[in-house]
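In what follows, a structure is listed as structure tokens, so that the remarks can point back to it.
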There are 2 protein chains.
Amino acid sequence: MSKTKTTRYDAPTKMRRSRQRDRILEILRGTKSHPTAEWVYGRLHREFPHVSMGTVYRNLGQLVEHGIVKRIGFGSTFDRYEANILTHHHFVCERCGSVTDLEVPVDESLTRRLGEAAGVRAVRHEIRLYGTCANCARKG
Amino acid sequence: MSKTKTTRYDAPTKMRRSRQRDRILEILRGTKSHPTAEWVYGRLHREFPHVSMGTVYRNLGQLVEHGIVKRIGFGSTFDRYEANILTHHHFVCERCGSVTDLEVPVDESLTRRLGEAAGVRAVRHEIRLYGTCANCARKG
DNA sequence: GTTCATGCAAATCGTTTGCACAATG
DNA sequence: CATTGTGCAAACGATTTGCATGAAC
């Protein structure tokens, strides 16, 4: 689980190489801006004027599958809603995607402590725990 | 900022009431499943066979705007990608939507401690700090 | 040469919006 | 009655996919 493993692109993957994917990875590695697919496409387009969004998405997806890059968000395209507006944290099952509330008090001071340590002015924080829910765990 | 304010629906809002929105809120309050708009629609459809997704989205949006329910996700429809696959946390600017990495060590033990306290088997956690980035703060 | 990746265009999916009509205050 | 909400359908934007061609091994 602790992916302290090699981060190198030429790691033991079954992916064939392509100049486009190589560049996509270089582009991602060369920025700290957590870009969108659109932005990556814009960058890639300078070198491959005929590249298509399909190629960008396919490659991003593959890089994510192989653990070479990360997708930020909830995975699913659709949003979820909840009536509990009190600050609280979530547990997300990586198997079935279900989301449950953590019945744990929120440490408000963590916002300030983390924010100060990181040098940003934060007003709140949210923690997401990831793992396998009891339901999925039961099914092996 | 700390919305410890009233949670009641009939709070001082300028919203007119509607039977559909009342039910949507009841549905959200009656589940712990963090449903999608689609799911809410399915529920609502039993009572309002002619209800449309447009109504569901409009009402969910309004309930969110009024702070009566919360939307989980990143707000933006599009995903973001990053090459940094080492576990780390993020700061999200609520003004411009920019995402930056927190240059703060990850407390791995928090996964276990939070997971145990909440009674779930978690393998990792991610913290998101929310606030206003330096850039936006400068612009007033 | 067989497999995988590409470009292109069309399709899909969640969400938003314009409009005429109905419900609310 | 002035305004807001509704249903319907069409529009939208991000992402995915089918297909014929081209690159990788």
All other residues with a Cβ under 14 Å from the Cβ of residue B:47 taken together, and with Lys, Arg as +1 and Asp, Glu as -1, what is their net charge? +3
B/A buried area, accessible surface, summed, 1.4 Å probe, Å²: 5700 Å²
Region A:81-127 - percent relative contact order, Cα under 8 Å, separation 6 or more: 32 percent
Taking a point 7 Å out from Cα toward Cβ as the label site, list the nm distances between residue A:30 and the same residue in every other copy, smallest first. 5.6
Top of A:102, A:129, A:86 by mean-square fluctuation, Gaussian network on chain A, Cα under 10 Å: A:86
Over the protein assembly as shown, give the accessible area per residue in Å² for a 1.4 Å probe, as an integer. 60 Å²
The answer for the net charge of residues other than residue A:126 whose Cβ lies under 13 angstrom from its Cβ, with Lys and Arg +1 and Asp and Glu -1, is -1
Where the label is 7 Å out from Cα toward Cβ, how close does residue A:113 come to the same position in every other copy, in nm, shortest first? 0.6
Pulled fully out, how much extra length does the chain show between residue A:65 and residue A:135, if you take 0.36 nm times their separation in residues and subtract their Cα-Cα distance? 22.8 nm
Violating pairs (Cα-Cα greater than 29 angstrom) within the set B:14/B:70; A:70/A:139; A:14/B:32; A:139/B:32: A:14/B:32
Averaged over the residues of B:36-44, the number of partner chain Cβ atoms within 10 Å of each residue's own Cβ comes to 2
Leaving out ligands, DNA and RNA, what percent of the accessible area of region A:19-121 is carbon and sulfur, probe 1.4 Å? 49 percent
From the label point of residue A:58, set 7 Å from Cα along Cα→Cβ, how far away are the matching label points in the other copies, in nm, ordered shortest to longest? 4.1
Nearest-to-axis residue of chain B, judged by Cβ, for the B-to-A rotation, with distance in whole Å? B:127, 3
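The values are calculated or read from the model by the stated rules, or taken from the named source; none is laboratory data. As the structure is a prediction and not an experimental result, all values here were calculated from the model. In this analysis, Cβ positions are derived from the backbone assuming ideal geometry, glycine residues included, and neighbour counts consider all displayed protein chains. Quick note on the areas: whole protein, heavy atoms, side chains included, nothing else; ligands and nucleic acids left out. Shrake-Rupley method; radii C 1.70, N 1.55, O 1.52, S 1.80 Å.
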